[in-house]
Amino acid sequence: MGAYPPNLTEIVDFFDALSGDEKRENLIAYADAAPACAPKTGERFDLEDVRKDEECTDTVGVFLRVDPATRAAHFRINLGPHVQTLTKAMTAILCKGLDGATPEQIMGMEQDFVPRIVGGQLIRVRSQTVYYILGRIKGVCKVWLNRERAIANGG
């Protein structure tokens, strides 16, 4: 296994030990927890990316805050009402699994953990869906890192 943040490693190990039916049951439980990932009133973010992409059924907002002292990233994700269950599940998994990781760690992660969580059958059926939120999270990390570099270089 590649170098994943500790919280994500724990989730991947948990799903690795499950049967296909157990994976689906736990994905549904994670999907039910997705609303807890939404931004809270009064929270401030370093970067906000809210849009509807062609590969998603509804608008998704990805919100990033990076602790200036520790460089720990914290995500909030707002999902529109028509987002699919699997996208909701991956949202909750990634919000929990990537919390506290640095933007560099997130950008350097491979996507090979996704099939270990979701299972091969759902990957084949919903391949774009399962990678969508991870792609959006990596996208905001990349923008944040580019802004940080520009500021460091006097731009």
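The values are calculated or read from the model by the stated rules, or taken from the named source; none is laboratory data. Not measured: the values here are computed from a predicted model. No Cβ is skipped: glycine too gets one built from the backbone with ideal geometry, and neighbour counts run over all protein chains shown.
Quick one: which strands (runs of 3 or more DSSP E) lie wholly within the range 1-85 and hold at least 1 residues that are in contact (Cβ under 8 Å) with a residue 60 or more places away in the chain, surrounded by 12 or more Cβ atoms within 10 Å (Cβ to Cβ) and among the charged types (D, E, K, R)?
Values: elements: 47-51, 60-66, 73-79.
Once the strands (runs of 3 or more DSSP E) in the range 1-85 are filtered for at least 1 residues that are in contact (Cβ under 8 Å) with a residue 60 or more places away in the chain, surrounded by 12 or more Cβ atoms within 10 Å (Cβ to Cβ) and among the charged types (D, E, K, R), what remains is 47-51.
Residues in the range 46-71 that are under 16 Å from the mean Cα position of the chain (by Cα) and of a type in the set (Ser, Thr, Tyr): Thr59 only.
Of the residues making up the range 111-146, those that are in a loop (DSSP other than H, G, I, E, B) and either polar (S, T, N, Q) or at pLDDT below 85 (or both) are Gln111, Gly119, Arg126.
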